[in-house]
Amino acid sequence: MTLLQILFYVMGFIAVASAIYVAATKNLVRCVFMFFITLFALAGLYVLALADFVAITQIVIYVGGILVLILFAFMLSGKENLNIIQQQGSRLMNLSTLPALVLAVLFFVLMVNMMGKIDADNLDWIKSSIQNGNVITPDANVTDNIGINLMTRYLLPFEAISILLMVALVGAAHLSRKERTA
C-alpha cells in the first residue's frame, strides 16, 4: 500500500467518522466544530484527487464562510434556545426517520455493489482520455488558469456571488439577533 492510499483512507475515515458524529450528537457547539473537521477532511480528499481549486474553494467558501455564519448564528442566539434544542429527545431512531434510514442503507448497498463491480482502469472514456492526453497531471497549473478566468472573463458573476454571500451573512445576523423588549 502506498502513502497516497494510506492518506486517502485516513482522510476518508476522518470525514465519515466526523460526519456521523455531527449527525448523532446533541451538543450543537461540538457539532459545529466536528462539521469543521468534516469539511477540512473533504478538502484533503480533493487535494488527493488533484482537484486543488475545489479544495481551496471548499476551505474558503464552506469553512471560511458558511461555518463562520453558523457560528455567528449560535453566538447571537439566546442560551435558552440552545438549551431547548439540546434537551430534546433522541430522534435518530423513530418511526418518522425510518424511510430516510432505509433509503440511506439502500444507497449505501448500491454504492458498495457498484464499487465492487466496476474496474475504473478499464473504462472506455478513461482509456480514450489517456490516449488523447486529456488528463490532469500533478504539475498542471489548473488553479492559475481558473484564477485568471475568474478575474477577467467571469468577474461580474464572481462579484455577484460575493454580494449574495454578504447579503446572506447580514440576513442571518438580523434573523438571529434577539428583539429588545421595552
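Relative contact order (percent) for region 17-66, with alpha-carbon contacts under 8 angstrom and 6 or more residues of separation? The partial results should precede the final answer.
Working: 36 pairs, mean separation 14.5, N = 50.
29 percent.
Between the alpha-carbon centers of region 95-174 and region 46-67, tell me the distance in whole angstrom.
10 Å
If we sort 106-114, 35-43, 167-175 on the protection proxy, mean other Cβ atoms within 10 Å, highest first, what's the order? Walk me through the intermediate numbers first.
Working: 106-114: 9.9, 35-43: 20.3, 167-175: 11.9.
Order by mean packing, descending: 35-43, 167-175, 106-114.
Coordinate-derived values only; no laboratory data. Note that the structure is predicted; figures quoted are calculated from it, not measured. Ideal geometry is used to build each Cβ from the backbone, glycine not excepted, and the neighbour counts take in all protein chains shown.
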